[in-house]
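Input: a single structure, listed below in structure tokens.
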Amino acid sequence: MVEDARIKKIIETGRDMFLRGLVSSHAGNISVRDGSRVYITRKGGMTSRLSPVDIVEVDMERSDDPAALLASSEYVIHRAIYLATGARAVVHAHPPYATLLSMTGELVPVDVEGGYHLGRVPVASPRNPTASEEAARAVSELMKTNRVVLIRAHGSFSRGETLEEAYMLTSTLEASAFYLHHLEGTGR
């Protein structure tokens with residue numbers, strides 16, 4: 001029963017991410033951790049229309065778990081975040097405004113909610129920004145002291161005690177980036 005609720009929450013979060021414009025139809029990935037088990041969206045899954053078959057269970061203590069081959073290619077980064085922090089959920093998205101601003105350096109929210117929930121959002125700049133050990137090391141190191149990290153020109157990773165918290169941080173990041181982008185456009 002717990003597993004069904006977990007899978008349902010991943011499916012709902014994928015739909016919400018798409019509807020909020022945080023990912024395109026097949027982009028982004030979502031995971032939750034239960035002990036050494038990670039439930040993560042599968043490689044090539046349609047984030048906007050996930051079903052239970054799109055969720056893969058991986059034993060993160062086994063580097064040779066064959067299920068990892070079915071998991072999102074970004075599993076390597078999710079796993080590194082879990083190993084480096086006490087996170088129970090990770091959301092990876094491609095929020096347009098936040099990704100755009102990641103190309104200019106760290107994101108410093110100008111709005112109250114962003115300042116409260118996010119503070120300064122660091123930007124990792126690995127040479128291989130997607131699904132690489134280098135990106136996993138860079139992001140997980142920054143995640144030790146931050147709940148949200150951007151990868152330059154790629155997207156965001158957020159961690160939380162719950163999937164709802166990780167999603168909220170991603171949504172707040174994009175709202176803050178939207179405000180910042182438009183404020184900068186006013187010349188202030």
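Where a number appears in this text, it was derived from the coordinates with a stated rule and is not lab data. Only a predicted model underlies this, so the values are computations on that prediction, with no experimental measurement involved. Cβ: placed from backbone, ideal geometry, glycine included. Neighbour counts: every protein chain shown.
The ranking of Leu70, Leu173, Leu107 by Cβ neighbour count inside 10 Å, starting from the fewest, reads Leu70, Leu107, Leu173.
Subtract the Cα-Cα distance of Ser36 and Thr104 from 0.36 nm times their separation in residues, and report this length gain in nm to one decimal.
Values: separation 68, 0.36 × 68 = 24.48 nm, distance 3.67 nm.
So the chain would gain 20.8 nm between Ser36 and Thr104.
Of all lysines in the structure, those lying under 23 Å Cα to Cα from Lys43, and not within fewer than 8 positions of it along the same chain, are Lys8, Lys9. Backbone phi angles across segment 100-111, fed through the Karplus curve with coefficients 6.51, -1.76 and 1.60 (θ = phi - 60°), yield HN-Hα couplings of 4, 5, 5, 7, 10, x, 4, 9, 10, x, 9, 9 Hz in residue order; Gly and Pro are listed as x.
Taking each residue as 0.36 nm, the span from Asn128 to Met46 lengthens on full extension beyond its C-alpha to C-alpha distance by 27.2 nm. Projecting label points 7 angstrom from Cα along Cα→Cβ for Ala27 and Asp64 puts them 3.7 nm apart.
The simple Förster model, with R0 at 22 Å and r as the Cβ-Cβ distance, assigns Leu83 and Glu57 a FRET efficiency of 0.80.
Arranged from highest to lowest average of other beta-carbon atoms within 10 Å per residue, in what order do the peptides 134-140, 71-77, 10-16, 124-130 appear? Don't skip to the end; give the middle numbers.
On the way: 134-140: 21.4, 71-77: 23.3, 10-16: 19.6, 124-130: 14.9.
For the peptides 134-140, 71-77, 10-16, 124-130, the packing ranking is 71-77, 134-140, 10-16, 124-130.
Charge tally around Ser176: other residues with Cβ under 9 Å, Lys/Arg +1 each, Asp/Glu -1 each, net -3. For the peptides 151-164, 23-36, 109-122, residues were scored by their other Cβ atoms within 10 Å and the scores averaged per peptide; the highest-first order is 151-164, 23-36, 109-122.
Among Thr104, Thr172, Thr85, the residue with the largest mean-square fluctuation in a Gaussian network model of the chain, with springs joining Cα atoms closer than 10 Å, is Thr104.
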